[in-house]
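Presented below is the structure to which this report refers.
Just so it is clear, none of the values below were taken in a lab; they were calculated from the coordinates. Every value quoted in this text rests on a predicted model; they were computed, and no experiment measured them. Here Cβ is always computed from backbone atoms with ideal geometry, including for glycine, and neighbour counts include all displayed protein chains.
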Amino acid sequence: MSGWRARLGFLVPPGNPTVEPEMFAMAPAGVSVHFSRLVAHGATGSHHGQDERNRSMVEHVDESAALLAMVKPNAIMLAHTATSYTLGPQNEAELVARLREQCGTLVETAFASVVEALKALRVRRIALGTPYDEETTRQGKALLERHGFAVVSHGRLDNVRSIYDETPERAYRLGRAIDTDDVEAVFLSGTGMPTIPILATLERDLGKPALSAASAMMWRALQLAGVREAIAGYGRLLAGQDPLSPLAGRGSG
């Protein structure tokens, strides 16, 4: 039976080519991953019109979630961090509660997964890196601060034509650029920017935790589904190691 250990569902923005391969890469044995596309129109991956696309995905999310619920996943993740930036805490909580009731299973957002992951890593002072425009980056910073984190450094990729054309190498350089001595962990936002291939290398080079929306989302989905397994190669969060250990997360890059 597919997913004899757990089935994980992911609601993915249209045009996003990154979520599926990254979730497949991280899924442990016996865990299957399943996907449904959210509804939005316009130029996918571009900064222009992102807020409108976010609102469209929220408006139509019930139908996408209902289709995904047919495979009876143990947990469903809304795989788009910036949607939470648009919604804010209250609207996000209402959306999640509605989807949980509708789908009859646990539902979480990528951003909420990041919040839980940062708590698990026992860090408060973070650096935020995004592939977004300045306004969306500012929204993300403000939301993290509302959850009690100190965003002591932040930055974004320059010259982004489409988030979905970005590379792991650019994500790595962004992580290096936003790190400072007083940063306890580096967070790379955006499920469309490829991050999984470089997280362990970034951690090793920085000597501190590095996580992304993708790694936090898989970590949280497994947690909600009751799967307890250390997954090497994607940073100390998924490896389940002591976040304060300088040797933690030394998987392959």
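Shape call for segment 94-141 from the C-alpha gyration tensor, a ≥ b ≥ c root eigenvalues: rounded (a/c under 1.5), prolate (a/b greater than b/c) or oblate?
oblate
Report the far tail of the P(r) of segment 121-212, meaning the percent of Cα-Cα pairs longer than 22 Å.
19
What order do you get for Val227, Val123 when you list them from fewest to most C-beta neighbours inside 10 Å?
Starting with the residue having the fewest Cβ neighbours, the order is Val227, Val123.
What aspartates and glutamates could a cross-link reach from Lys208, if we take a straight Cα to Cα line under 14 Å and drop same-chain neighbours fewer than 8 places away?
Asp179, Asp181, Asp182, Glu184, Asp242
Taking just the alpha carbons, could you work out the radius of gyration and Dmax for the chain, both in angstroms?
Cα only, the chain: 16.7, 49 Å (Rg, Dmax).
What list of ³J(HN,Hα) values in whole Hz, one per residue of segment 137-144 in order, does the Karplus curve 6.51 cos²θ - 1.76 cosθ + 1.60 (θ = phi - 60°) give from phi, with Gly and Pro shown as x?
Using θ = phi - 60°, the values come out as 4, 5, 4, x, 4, 4, 5, 4 Hz.
What's the exposure ranking of Lys141, Lys119, going from fewest to most Cβ atoms within 10 Å?
Fewest-to-most ranking of Lys141, Lys119: Lys119, Lys141.
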